[in-house]
Amino acid sequence: MMKKIYLLGATGSIGEQTIEIIRENPTDFILKGVSAYNNFEALKRIIKEFDLDIVCVKNESQATEIAKQYPDIKVVFGEEGLSFLAGYNPYQDITLINALVGMVGLKPTIKAIEINRDILLANKETLVVGGHLIKEKLKTSKAKIYPIDSEHSALWQALNGEELSTVNRLIITASGGAFRDKNREELNNVLVKDALNHPNWAMGKKITIDSATMINKGFEVIEACYLFDIEIDKVETILHYESIIHSMIEFVDGSIMAQIADHDMRLPISYAMYYPQRKPSIANKFDLIRLNNLHFEKMNFERYPCLLYAIEAYKNGGSLRTVLNAANEVAVKLFLEEKIAFLDIEKIIRAEMDNHEIIPFPSLEEIYYIDREIKERIYKQY
């Protein structure tokens, strides 16, 4: 049966690779809705190529242009448009792929859950800041959330058919990012162009910086707790420079199950899109000879304090996770604009976390209020 796909973030890295999979498998998938914010020209090419029902663009002027050229397509815009798209035509068998970056991805995920629509999730913020809300929503919904991130896909595959009670720990691997060979002192004068030079992966700018600070691993630890219903003390991160083993499961009997693949995001995307089946993938095939040269190191929290901040935010709970995410979003943006130094990112996050009075179970409205408040305060300072 052909799967109908709505894709949020169609012109980003995950979105582009998802479209590549759809393009290569026209009898398995049909793209019926997309959103794009930052690359209007690429979006227009997608609209021209596929028979879409609905499109979400950044603003009203873009919406007017698309509506004039394609009168048969439903056109919406802005954050409200994203949620509208996520819940559009709830009676069709449609899968939502959420490849958005930032807080903007939370509301569309909630909307899809409310109408029992399955979600393939690559938006970290959905679970980092709203995991408690998502968990409650899923209790009364038929919707399922399937991860697209390579690390969580690896855990998902390794856990398939296993009892959670037999798991001793989840082990998430980390490349170490662009500055993994530098010490703390050497980080004082690093440049944006250096931070964007990831040793293994080709990703968007924000996640590449998040990889350099290692906060992305902190987000992944939080996500794993919600995705697999496991305590955070049972989730461990280790350095693995080659990004060949994406994650591992250690069972109570001492056995370790690892998922091994080339660093090609098309594999976890394809796995989620075809689930519960496993089909041939256009992803690069792994050369086993490369297993002769793999390295692992214990995580150094003094070197990567942002990872520890994320763990702290999860353990303390509630709105502190929103503070963590909001402060990081602004700090990364300021660094990319060369308004702050690289190490200022962690300083900004730490300061905001220290000054926050935690709300134990924040509502959606409170999450967005805190997010705006944090961002506005940091912007005023810089």
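The values are calculated or read from the model by the stated rules, or taken from the named source; none is laboratory data. Bear in mind the structure is a predicted one, so any value in this text is a computation, not a measurement. Quick reminder, even Gly has a Cβ in these numbers, built from the backbone with ideal geometry, and neighbours come from all protein chains shown.
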Spans of helices (runs of 4 or more DSSP H) in region 268-382 with at least 3 residues basic (Lys, Arg): 364-381
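Yes/no per residue for (1) at pLDDT 95 or above; (2) buried (at least 16 other Cβ atoms within 10 Å of the Cβ); (3) out of contact with any Gly (no Cβ under 8 Å at 6 or more places or on another chain):
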| position | (1), (2), (3) |
| --- | --- |
| Arg23 | yes, no, yes |
| Lys44 | yes, yes, yes |
| Lys48 | yes, no, yes |
| Asp53 | yes, yes, no |
| Lys68 | yes, no, yes |
| Pro71 | yes, no, yes |
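Confirm whether Gly254 is among the small types (Gly, Ala, Ser), at pLDDT 95 or above and in a loop (DSSP other than H, G, I, E, B).
Details: among the small types (Gly, Ala, Ser): yes; at pLDDT 95 or above: yes; in a loop (DSSP other than H, G, I, E, B): yes.
In short, yes.
Does any residue of region 176-199 turn out to be closer than 30 Å to Val252 by Cβ, in a strand (DSSP E or B) and not aromatic (Phe, Trp, Tyr)?
Taking every residue of region 176-199 in turn, none turns out to be closer than 30 Å to Val252 by Cβ, in a strand (DSSP E or B) and not aromatic (Phe, Trp, Tyr).
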Which one of these does Tyr88 not meet: (1) surrounded by 17 or more Cβ atoms within 10 Å (Cβ to Cβ); (2) touching a residue at least 60 places away in the same chain (Cβ under 8 Å); (3) in contact with a helix residue (DSSP H, G or I) (Cβ under 9 Å, 6 or more places away or on another chain)? (3)
Residues that are surrounded by 20 or more Cβ atoms within 10 Å (Cβ to Cβ), assigned to a helix (DSSP H, G or I) and aliphatic (A, V, I, L, M): does region 28-35 have at least one? no
Residues of region 286-320 being modelled with pLDDT under 90 and surrounded by 12 or more Cβ atoms within 10 Å (Cβ to Cβ), which ones? Phe286, Arg290, Leu291, Leu294, Gly317
Any chance Thr126 is in contact with a Ser or Thr (Cβ under 6 Å, 6 or more places away or on another chain), of a type in the set (S, T, N, Q) and within 17 Å of Ile148 (Cα to Cα): yes
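Yes or no: region 272-285 includes at least one residue that is of a type in the set (Gly, Ala, Ser), in contact with a helix residue (DSSP H, G or I) (Cβ under 6 Å, 6 or more places away or on another chain) and either surrounded by 12 or more Cβ atoms within 10 Å (Cβ to Cβ) or assigned by TED's automatic domain parsing to the domain that holds Thr95 (or both).
yes
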Count, please, the residues in region 41-61 that happen to be more than 29 Å from Ser281 (Cβ to Cβ) and in contact with a helix residue (DSSP H, G or I) (Cβ under 6 Å, 6 or more places away or on another chain). 1
Going residue by residue through region 303-326, is there one that turns out to be over 30 Å from Glu376 (Cβ atoms) and in contact (Cβ under 8 Å) with a residue 60 or more places away in the chain? yes
Whether any residue in region 251-262 is over 26 Å from Asn168 (Cβ atoms), under 22 Å from the mean Cα position of the chain (by Cα) and not acidic (Asp, Glu) is what I want to check. no
Of all residues in region 212-239, which are hydrophobic (A, V, I, L, M, F, W, C) and part of a strand (DSSP E or B)? Val235, Ile238, Leu239
Under 6 Å between Cβ atoms, which residue pairs at least 6 apart in sequence (or on different chains) link something in region 1-12 that is in contact (Cβ under 8 Å) with a residue 60 or more places away in the chain with a partner that is of a type in the set (Ser, Thr, Tyr)? Lys3/Thr95; Ile5/Thr95; Leu7/Thr18; Leu8/Ser35
Just one of the numbered conditions (1) surrounded by 16 or more Cβ atoms within 10 Å (Cβ to Cβ); (2) under 23 Å from Ile110 (Cβ atoms) is not true of Val190; which one? (2)
For Phe50, all conditions in the list (1) of a type in the set (Phe, Trp, Tyr); (2) closer than 13 Å to Leu85 by Cβ; (3) touching a Leu at 6+ places or on another chain (Cβ under 6 Å) hold save one; what is the number of the exception? (2)
How about region 114-147: which of its residues are farther than 17 Å from Ser83 by Cβ and at pLDDT below 95? Lys124
Find the residue count for region 129-164, including only residues that are of a type outside the set (Asp, Glu), without any contact (Cβ under 8 Å) to a residue 12 or more places away in the chain and assigned by TED's automatic domain parsing to the domain that holds Ala283. 2
Hits in region 142-175 - residues which are in a loop (DSSP other than H, G, I, E, B), surrounded by fewer than 22 Cβ atoms within 10 Å (Cβ to Cβ) and in contact with an Asp or Glu (Cβ under 7 Å, 6 or more places away or on another chain): Ala143, Lys144
